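Enquirer: Provided herewith is a single structure, encoded as structure tokens, for subsequent inquiry.
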Amino acid sequence: MRTREPGAGLLRWMVEQYSPSHQEASFSRALVERLGARGWRAHTDAVGNAVARYGDGDTVIAFLGHIDTVPGVVPVRLEGQRLYGRGAVDAKGPLCAFIEAVELLDDAERAGKQFLLLGCVEEEVAITRGALHVRDQYAPDFVINGEPSGAHAVTLGYKGLLRLDLEHRASRRHTASRDYRAAAEHVVDAWSALRRLCDDWNRERPSLFEQNLPSLNAFHTGATETEEWATAAVSIRTGPSTDTDALLAALATVPTVTVRTVAKKDAVSTNGNDALSRVFKQAIRERGVKPTLRLKTGTSDWNTVASAWRVPTVAYGPGDAALDHTPDEHIDLPEYEEGVAVLARVLALLPAKAARGDAA
């Protein structure tokens, strides 16, 4: 493995490129140009993802990252060993760490392998267009989802997510009419039915990862001269054994409310005993640290590709996920360097197909 001279020049440049969801095009093109100059075969694809390859081996190790961020400028600055800026943690830090880790490998460590960098657009919005596109384009052998886990931790799963819009519309009536019920009451009934079902489910499941966690995200009412209406935006963080059909059936008990599914992602997880998980644990132990294994209550692009890419997958990246989306987003540079070192060792340890066949 090559010797690395610590430095955050590439990462700082990436963080300086403002790229909120739906505004990633300029950064995607610039990143492709930079990667090309560093020896990667890079291009932007049909939906604007930044895609790059390094090496020509038959074993494809994919890094599924995202180049978009949530909106909001965090002034880019270096304060001591902390680099501040939107995306420093979520998720340009992990993306940059993978690039630098690949470039640290020597020829023997790269033999038989191909490193596929997928910098996806629109991960931070409901319809993850970038991941949906790459899901049908590639068939990797290993997948590292680039999300902050901490340099000495590996994420083994994400909860699922069901986003729904609830709506009631009816002809306008006088509020003193017999049996009158406001439009808002009908939508509240549907929300209450959903909450009851989730509460019943959760009583038998003490693990937060297994529970269904509903959230009422928005509620609006209004009226015209002839009609009154109420709408609600609802999300449910779901567990791996959740029956989403049962959740929708609970809402059907309020027939006056129309339910529209906005987005649906199933939970994903691995038991930590697959080849990729074992290599990550080994690489972290070699740093003199006991690896931490995480299950996250959010979602990621892993949820989007899992049904098609049934291969060893984990999420990993330097950075503190508690800083995601915050006005204080930053990454500690020693943490970043440690993430690069762990990733480089993982990529070196992962076996190429011929080696796996010989070992068998």
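Enquirer: In whole percent, how big is the carbon plus sulfur part of the accessible area of segment 117-175, probe 1.4 Å, protein atoms only? Could the numbers behind the result be given before it?
Expert: Values: 870 of 1990 Å².
That share works out to 44 percent.
Enquirer: For Cα pairs less than 8 Å apart in space and 6+ apart in sequence, what is the mean separation divided by the residue count of the chain, i.e. the relative contact order in percent? It would help to have the intermediate numbers written out before the result.
Expert: Working: 795 pairs, mean separation 91.3, N = 360.
Relative contact order, the chain: 25 percent.
Enquirer: Pull out the extension gain between Thr224 and Thr297, defined as 0.36 nm times the separation in residues minus the alpha carbon to alpha carbon distance; nm, one decimal. Present the calculation step by step, with values, prior to reporting the outcome.
Expert: On the way: separation 73, 0.36 × 73 = 26.28 nm, distance 4.01 nm.
Extending this stretch completely gives an extra 22.3 nm.
Enquirer: Then there is this: Among (i) 29; (ii) 36; (iii) 17, which is the computed percent of Cα pairs over 36 Å apart?
Expert: Label (i) holds the value from this structure.
Enquirer: Further question: Name the residues of segment 78-113 whose amide N is less than 14 Å from a point 7 angstrom out from the Cα of Arg38 along the C-beta direction?
Expert: 92-105
Enquirer: Using the C-alpha gyration tensor of segment 286-326, what are the square roots of 5 times its eigenvalues, in whole angstrom, with the largest one first? Display every interim value, and only then the final one.
Expert: Details: eigenvalues 96, 61, 14 Å².
Those come to 22, 17, 8 Å.
Enquirer: So which residue, out of Ser19, Ser192, Ser28, gets the largest mean-square fluctuation from a GNM of the chain using Cα contacts under 10 Å as springs?
Expert: Ser192
Enquirer: On full extension of the chain, what length is gained from Arg195 through Ala139, given 0.36 nm per residue of separation minus the C-alpha to C-alpha distance?
Expert: 16.2 nm
Enquirer: HN-Hα J couplings of segment 130-139 from phi, Karplus 6.51/-1.76/1.60, θ = phi - 60°, integer Hz, Gly and Pro as x?
Expert: Result, ordered by residue: x, 5, 4, 6, 5, 3, 9, 9, 10, 9 Hz.
Enquirer: Lysine pairs in the chain with Cα distance under 29 Å, only those 8 or more apart or on different chains: how many are there?
Expert: Close lysine pairs found across the chain: 22.
Enquirer: When you count, for each residue, the other Cβ atoms within 10 Å and take the mean per peptide, how do 318-325, 89-96 rank with the highest first? Intermediate values should be presented prior to the final figure.
Expert: Working: 318-325: 19.4, 89-96: 28.9.
The peptides rank, most packed first, as 89-96, 318-325.
Enquirer: Heavy atoms only, probe 1.4 Å: what % of the accessible area of segment 212-360 goes to carbon and sulfur, would you let me know? Write down the numbers at each step before the final one.
Expert: Working: 3510 of 7030 Å².
Accessible surface attributable to carbon and sulfur in segment 212-360 totals 50 percent.
Enquirer: What residues have an amide H closer than 5 Å to that of Ser19, excluding those fewer than 5 places away on the same chain, when H is modeled at 1.01 Å from N in the peptide plane?
Expert: Residues meeting the criterion, in which the H sits 1.01 Å from N, are Thr69.
Enquirer: Next question. Dimensions of segment 273-360 along principal axes (Cα, Å, largest first)?
Expert: 50, 34, 18
Enquirer: Could you give the C-alpha radius of gyration of segment 130-190 expressed as a fraction of 2.2 N^0.38 Å, taking N as the number of residues it contains? Present the calculation step by step, with values, prior to reporting the outcome.
Expert: Values: Rg = 23.5 Å, N = 61, 2.2 N^0.38 = 10.5 Å.
Dividing the Cα radius of gyration by 2.2 N^0.38 Å gives 2.24.
Enquirer: To continue, here is another question. Before I look further, what does the chain give for accessible area per residue, probe 1.4 Å, in whole square angstrom?
Expert: On the way: 15940 Å² over 360 residues.
Normalised by residue count, the accessible surface of the chain is 44 Å².
Enquirer: Would you kindly calculate the mean projected area, averaged across all directions, of the convex hull enclosing the Cα atoms of segment 212-360, in square nanometres? Walk me through the intermediate numbers first.
Expert: Details: hull surface 55.1 nm².
Averaging across all directions leaves 13.8 nm² for the Cα convex hull.
Enquirer: Tally up the carbon and sulfur contribution to the accessible surface of segment 1-106 as a whole percent, 1.4 Å probe, everything protein left in place.
Expert: Details: 2030 of 4290 Å².
Heavy-atom surface of segment 1-106 belonging to carbon and sulfur, 1.4 Å probe: 47 percent.
Enquirer: By how many nm would the segment from Ala233 to Arg29 grow when fully extended, if each residue of separation counts as 0.36 nm and the alpha-carbon distance is taken off?
Expert: Numbers: separation 204, 0.36 × 204 = 73.44 nm, distance 3.49 nm.
Going from the current span to full extension adds 70.0 nm.
Enquirer: Still on this structure: If I build a Gaussian network model for the chain, linking alpha-carbon pairs within less than 10 angstrom, which residue out of Arg203, Arg34, Arg195 has the largest mean-square fluctuation?
Expert: Arg203
Enquirer: Using the Kirkwood formula on the Cα atoms of segment 98-160, what hydrodynamic radius do you get, in angstrom to one decimal?
Expert: Values: mean 1/r = 0.0705 Å⁻¹.
Answer for segment 98-160: a Kirkwood hydrodynamic radius of 14.2 Å.
The values are calculated or read from the model by the stated rules, or taken from the named source; none is laboratory data. A quick note: this is a predicted structure, and the numbers were derived from the prediction, not measured. Virtual Cβ from ideal backbone geometry, glycine too; neighbours counted across all protein chains shown. When the accessible area is computed, the model is the full protein with side chains, heavy atoms only, and any ligands, DNA or RNA have been set aside. Shrake-Rupley method; radii C 1.70, N 1.55, O 1.52, S 1.80 Å.
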